[in-house]
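The values are calculated or read from the model by the stated rules, or taken from the named source; none is laboratory data. Just so you know, these numbers come straight off a predicted model, no measurement behind them. Because the Cβ atoms are built from the backbone with ideal geometry, glycine has one as well, and the counts that use them run over all protein chains shown. Quick note on the areas: whole protein, heavy atoms, side chains included, nothing else; ligands and nucleic acids left out. Shrake-Rupley method; radii C 1.70, N 1.55, O 1.52, S 1.80 Å.
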Amino acid sequence: MFIRNERSIKEFIHYYPVVSAIVIIHIAIWFLHDVLPIGIIDRLYNLGVGYHYEIHNGEYWRFITPIFLHGGTMHMLFNSFSLVLFGPALEKMLGKFKFILAYLGAGTLANIVTFFINPSFGFAHVGASGAIFGLFGIYVFMVVFRKQLIDAGSAHIIKVILIIGLIMTFIRPGINIYAHVLGFAAGFLIAPLVLGNARPFYPGQYQRSYQDDGEIQFDPNRWKKRKFSRKMKLNPLWVIIIVLVIIGLLNYVF
């Protein structure tokens with residue numbers, strides 16, 4: 001479920017438009033705010049941060065907007081990379097509308113409950129972590145109650161990643177523990193509402209190929225194309241990811 005075999009960014013965007021749109025928003029906001037700091041962008045960014053003081057004053061949109069904001073390069077890269085890995089399968093299984101509902105619903109519920117648990121005026125937060133942990137909550141619901149929707153290998157990956165994620169949540173400083181834990185719980189609760197007509201998703205069952213009309217066709221030579229070639233082609237998607245990781249590491253080091 002989590003193996004990415006798309007041959008280009010264009011193909012990834014074609015098959016997973018919602019995940020792609022969210023990641024593009026992450027990168028665009030990060031670029032405008034962190035790389036090319038512009039006064040008006042900085043003001044707009046501050047309007048989206050989850051400042052509890054401002055929420056107390058009635059700015060309730062701050063329950064949603066922090067989901068698209070991040071506190072630095074590595075924060076943005078980690079959340080975007082996690083979404084690229086774990087979002088596509090759910091987008092295909094749930095459909096665009098239910099995926100958006102689940103993603104934003106888990107993130108928003110996590111922020112709302114965080115506000116009531118810790119209403120301190122000085123508390124502020126940004127990041128998609130609550131929404132992403134919400135996706136893990138949906139996957140764990142599958143593992144427990146809808147085993148037919150997830151293969152054993154993917155279920156094992158989810159268990160391992162979830163355990164590591166929760167451990168890092170409590171041992172790393174500066175982590176919004178509320179968002180992680182509450183996002184996971186929200187996703188688990190939302191799962192039965194969005195998984196009603198879901199079907200298993202196994203990428204790689206057939207080779208997809210673009211046609212002028214955008215249709216997906218079966219390729220009888222798909223097995224031959226899987227053979228390794230001496231001339232390896234570097235996927236542009238990974239080039240961008242690698243470049244962003246390098247930028248993030250440089251910012252972190254210097």
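Quickly work out the HIS14-to-LYS147 label distance, labels modelled 7 Å from Cα along the C-beta direction, and quote it in nm with one decimal.
3.7 nm
Going by accessible area, probe 1.4 Å, with all protein chains left in place, what is the ranking of LEU193, LEU47, largest first?
Most to least solvent-accessible, the answer reads LEU193, LEU47.
In whole angstrom, how far apart do the alpha carbon centroids of the stretch 41-102 and the stretch 109-148 sit?
Here the two parts' Cα centres lie 11 Å apart.
With a cut-off of 8 Å between alpha carbons and a minimum separation of six or more residues, what is the relative contact order of the stretch 31-82 in percent? Could you put the intermediate results ahead of the total?
Details: 26 pairs, mean separation 15.2, N = 52.
Reported relative contact order: 29 percent.
For a label point 7 angstrom out from the Cα of HIS56 toward its Cβ, which stretches of the stretch 84-122 have the backbone nitrogen within less than 16 Å?
Counting backbone N atoms under 16 Å from the label point, the list is 114-122.
Want the number for LYS159 to ILE175: 0.36 nm per residue separation, take away the alpha-carbon distance, what's left?
Additional length available on full extension: 3.7 nm.
Tally Lys and Arg at +1 and Asp and Glu at -1 over the other residues with C-beta under 15 Å from the C-beta of ILE158: what net charge comes out?
Charge balance near ILE158 sits at +2.
Please calculate the 1.4 Å probe accessible area of ILE164, with all protein chains present, and give it to the nearest 10 Å².
Using a 1.4 Å probe on the heavy atoms, I get roughly 90 Å².
Any chance you could run the full-extension gain for ASN5 through LEU36? It's 0.36 nm times the residue separation minus the Cα-Cα distance, nm to one decimal.
On the way: separation 31, 0.36 × 31 = 11.16 nm, distance 3.28 nm.
So the extension gain works out to 7.9 nm.
If you project the alpha carbons of the stretch 141-185 onto their three principal axes, what span does each projection cover, largest first, in Å?
Taking the Cα atoms of the stretch 141-185, the three principal extents are 37, 18, 9 Å.
Can you give the accessible area per residue of the stretch 38-112, in Å², using a 1.4 Å probe?
Details: 3230 Å² over 75 residues.
Solvent-accessible surface per residue comes out at 43 Å².
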